[in-house]
Structure formats: C-alpha cells, structure tokens
Amino acid sequence: MANLPDGVTPSISPRSPIGEIFRYTLTNPKDALGRPVYSLHDLKTLQNWTLVREFRRLPGVVDVVSFGGDVKRYEVHPTRSG
C-alpha cells in the first residue's frame with residue numbers, strides 16, 4: 001500500500017458507496033382475526049405508484065430503488081379477428 005502525501009488524512013465518506021442513504025419497510029396491518037389486511041401485491045403497488053413518486057419529489061433524492069414483494073406480470077394474448 002502506498003503512503004499518502006504529507007497533509008492528506010484518509011477518511012470515510014459520509015455517503016454510502018452505493019448511494020443508499022435510507023431504507024424502510026412496509027408493514028401490513030392485521031384485521032381483528034390476525035389476518036393481513038393487504039396482499040403483498042397491494043403493498044408492492046403502494047410502493048411503486050405512491051411512495052416512489054413521493055420520495056422522488058424530495059430535494060436531494062435522485063432515484064429510488066425498490067425491492068421485495070411480488071413481481072407484477074402482464075400477459076398479452078393476441079387473437080385473430082375476422
């Protein structure tokens with residue numbers, strides 16, 4: 001390992017090396033019988049269509065990366081007409 005020049009002091013950046021600053025989880029409330037109120041699909045939809053958009057409106061937030069939950073899949077089945 002090379003020595004640093006005189007007057008240079010190493011330090012750790014206050015920012016994360018991957019840019020992540022804030023992590024959070026969504027928790028699902030339970031009904032009176034202890035069952036989840038929302039499906040994982042509902043929570044993922046809330047994340048992608050509401051929370052991500054709100055976070056991106058905050059000053060200093062460049063991007064939001066979501067992970068976890070269900071993967072939404074669309075299927076198209078073309079049919080012939082005529």
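The values are calculated or read from the model by the stated rules, or taken from the named source; none is laboratory data. A quick note: this is a predicted structure, and the numbers were derived from the prediction, not measured. With ideal geometry, Cβ positions are generated from the backbone for all residues, glycine too; neighbour counts draw on all protein chains shown. Protein only, heavy atoms only, side chains kept; ligands, DNA and RNA dropped before computing areas. Shrake-Rupley method; radii C 1.70, N 1.55, O 1.52, S 1.80 Å.
Tabulated results
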| read-out | value |
| --- | --- |
| Extent along principal axes [Cα atoms of the stretch 42-82; Å; largest to smallest] | 54, 21, 14 |
| Cα-centred dipole magnitude for the chain, charges only on beta-carbon of K, R (+1) and D, E (-1), debye, nearest 20 | 340 debye |
| Heavy atoms of HIS77 accessible to a 1.4 Å probe, total area in Å² rounded to 10 | 140 Å² |
| Computed accessible area, LYS72, all protein chains, 1.4 angstrom probe, square angstrom | 90 Å² |
| For the chain, calculated [θ]222 nm from helices alone, where every DSSP H run of n ≥ 4 adds -39500 (n - 2.57) | -3500 deg cm²/dmol |
| DSSP loop chymotrypsin sites (Phe, Trp or Tyr not before Pro) with at most 12 other Cβ within 10 Å excluded, longest remaining stretch of the chain | 25-66 |
| Carbon and sulfur %, accessible surface of the chain computed with the full protein complex present, 1.4 Å | 58 percent |
| For the chain, the spread of Cα positions along each principal axis, largest first, Å | 78, 50, 29 |
| 1.4 Å probe accessible area per residue over the chain, in Å² | 99 Å² |
| Accessible-area ranking of ARG73, ARG56, largest first, probe 1.4 Å | ARG73, ARG56 |
